[in-house]
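The values are calculated or read from the model by the stated rules, or taken from the named source; none is laboratory data. Bear in mind the structure is a predicted one, so any value in this text is a computation, not a measurement. Virtual Cβ from ideal backbone geometry, glycine too; neighbours counted across all protein chains shown.
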Amino acid sequence: MQALFPSDRDRKLPAFGRKHRGWHLAALLLCATAGLGAAASAAPGTAVGSEDGKYVDAEGSPTYNIAPDGKLDWYTFSGYRRYHSECHVCHGPDGAGSTYAPALADSMKTLNYEQFMTIVVQGRTNVGAGNQKVMPSFGENRNVMCYLDDIYVYLRARGDGALGRVRPEAHDPKPESAKSAEAACMGN
Ligand code: HEC
């Protein structure tokens with residue numbers, strides 16, 4: 001920050017130059033503060049940055065980005081499809097839960113990214129009151145592991161209420177980086 005303030009060097013500039021530098025400085029500081037304010041007050045799931053169609057929140061965790069017209073980013077759309085092929089059978093359609101397994105749309109309100117990852121990779125067994133419920137370990141399942149961020153952002157959007165119980169239609173095209181990451185992960 002120190003470097004932004006007028007230095008001795010500035011004082012040696014002619015009057016006109018000084019005035020101009022001051023104006024630019026004020027504009028710069030204003031922008032910096034506005035940017036920080038937005039990041040600090042953003043809701044947890046809000047995207048604050050993106051790289052090649054992949055969105056992150058203020059903590060650097062993957063998140064969704066849904067346009068006002070309902071158009072999904074690629075990863076959220078992909079997560080919708082993967083969830084319904086790998087998790088739906090136990091956790092119910094749209095992350096809404098079943099008699100066997102919890103509603104993940106609700107779980108996402110308390111689970112952070114690391115906790116979610118750990119449970120899916122390692123699995124979890126809950127033995128209680130005469131019934132045994134098992135969340136399988138998916139650590140060796142590429143159809144899940146290669147798309148786990150996608151599933152995470154989809155469920156996150158469901159948990160935040162950003163995405164309803166609908167079949168998403170419009171979505172961004174698949175980014176090149178998603179294609180290469182998929183090929184590398186699946187070993188193709
Ligand atoms: C064979 C059924 C089954 C499948 C398939 C399954 N789960 Fe689960 N899952 C469970 C059960 C049962 C629990 C609850 C376990 C417990 O109570 O400890 C659970 C718990 C979880 C939890 C913790 C929820 C919480 O509130 O603590 C997460 C996260 C989760 N599953 C994610 C997934 C994801 C993601 C998929 C798909 C890749 C998936 N599960 C597929 C049965 C399943």
Note to self: Take SER177 and tell me if it is in the same structural domain as GLU59 (by TED's automatic domain parsing), under 18 Å from TYR55 (Cβ atoms) and outside any loop (DSSP other than H, G, I, E, B).
What the structure shows: yes
Notebook entry, point to check: Of everything in segment 129-174 that's of a type in the set (Val, Ile, Thr) and either away from the ligand (no atom under 12 Å from the Cβ) or at pLDDT 95 or above (or both), which residue is nearest to SER78 (Cα to Cα)?
Noted result: ILE151
Notebook entry, point to check: Taking segment 102-135 on its own, how many of its residues are under 18 Å from ASP150 (Cα atoms) and of a type in the set (Lys, Arg)?
Noted result: 1
Note to self: Within segment 119-128, take every residue that is more than 6 Å from the ligand (Cβ to nearest atom) and at negative phi and give me the one that is surrounded by the most Cβ atoms within 10 Å (Cβ to Cβ).
What the structure shows: VAL121
Checklist line | Selection from segment 67-118 of residues that are within 18 Å of the chain's Cα centre (by Cα), more than 9 Å from the ligand (Cβ to nearest atom) and not in a helix (DSSP H, G or I) | finding: ALA67, PRO68, GLY70, LYS71, LEU72, ASP73, LYS109, ASN112
Notebook entry, point to check: Restricting attention to segment 77-96, does a residue exist that is in contact with a strand residue (DSSP E or B) (Cβ under 7 Å, 6 or more places away or on another chain), surrounded by 13 or more Cβ atoms within 10 Å (Cβ to Cβ) and assigned by TED's automatic domain parsing to the domain that holds PRO168?
Noted result: yes
Note to self: Would you confirm whether or not segment 139-157 contains a residue that is surrounded by 13 or more Cβ atoms within 10 Å (Cβ to Cβ) and free of Cβ contacts under 8 Å to residues at least 12 places away in the same chain?
What the structure shows: no
Checklist line | Any chance GLY161 is outside any helix (DSSP H, G or I) and either out of contact with any Gly (no Cβ under 7 Å at 6 or more places or on another chain) or within 28 Å of THR46 (Cβ to Cβ) (or both) | finding: yes
